[in-house]
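Participant: Before we start, here is the structure in question, set down as structure tokens.
The values are calculated or read from the model by the stated rules, or taken from the named source; none is laboratory data. Quick caveat, the model's predicted, so the values are computed rather than measured. Note: ideal-geometry Cβ built from the backbone for every residue, glycine included; neighbour counts use all protein chains shown. Keep in mind that these areas ignore ligands, DNA and RNA; they rest on the heavy atoms of the full protein, side chains included. Shrake-Rupley method; radii C 1.70, N 1.55, O 1.52, S 1.80 Å.
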Amino acid sequence: QVLSNDGIDWMVIGYGSTRDRLSLYASGDGGVTEMALHVPDEVVFCFISFEGSRVLVTHVAEKISGVQRARGLAHQKEVAGFFNHHDVTVNTAKPSELTPTMLRDKTRHLAIKK
């Protein structure tokens, strides 16, 4: 949905109670501020269309164990491969880090190239 440009501009996917199966947690059309409200304290991957850029966010909550952290970061490449049309990857540890200002800073160099 996010890739098809049908009004949905973000989604959050995560493992839930599984170890290796990702599922959709939430999606919406309210931008990064709304998306941040749906990022739980676990390993999740978020995809957002932001000001003309497609951003993949790997969120690994601070309280996550070393094993879960390693597994999430290892899966980051697979998830990035699935979302092969993203422009930039961002890592976060707290939902409060997900702000328009942060994404603008991370995508600023892309605006220069366009």
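Participant: Loop only per DSSP, at most 13 neighbouring Cβ atoms within 10 Å: give me the trypsin sites (Lys or Arg not before Pro) in the range 18-66, ordered by residue number.
Facilitator: Here the sparse-neighbourhood loop sites are Arg19, Arg21, Lys63.
Participant: Quick one: putting +1 on the C-beta of Lys and Arg, -1 on the C-beta of Asp and Glu, what dipole do you get for the chain around its Cα centre, in Debye to the nearest 20?
Facilitator: The dipole magnitude comes to about 420 debye.
Participant: When only C-alpha pairs under 8 Å and at least 6 residues apart count, what is the relative contact order of the chain, in percent?
Facilitator: Computed value for the chain: 23 percent relative contact order.
Participant: What list of ³J(HN,Hα) values in whole Hz, one per residue of the range 35-41 in order, does the Karplus curve 6.51 cos²θ - 1.76 cosθ + 1.60 (θ = phi - 60°) give from phi, with Gly and Pro shown as x?
Facilitator: 4, 4, 5, 10, 8, x, 7
Participant: Solvent-accessible area per residue for the chain at a 1.4 Å probe radius, Å²?
Facilitator: Per-residue value: 57 Å².
Participant: The range 33-114: which GluC sites (Glu not before Pro) are DSSP loop and have at most 12 other beta-carbon atoms within 10 angstrom?
Facilitator: Details: sites: Glu34, Glu42, Glu51, Glu62, Glu78, Glu97; in loops: Glu42, Glu51, Glu62.
For GluC sites (Glu not before Pro) across the range 33-114 that sit outside H, G, I, E and B with at most 12 neighbouring Cβ atoms in 10 Å, the list reads Glu62.
Participant: Now, a different point. Compute the normalised compactness of the chain: alpha-carbon radius of gyration over 2.2 N^0.38 Å, N being the residue count.
Facilitator: That ratio works out to 1.00.
Participant: Would you calculate a helix-derived [θ] at 222 nm for the chain, using -39,500 (n - 2.57) for each DSSP H run of n ≥ 4 and dividing by the full residue count, to the nearest 500?
Facilitator: Helix contribution divided over all residues of the chain: -10000 deg cm²/dmol.
Participant: Counting only pairs 8 or more residues apart or on different chains, how many lysine pairs in the chain have their Cα atoms under 28 Å apart?
Facilitator: Final tally of qualifying lysine pairs is 9.
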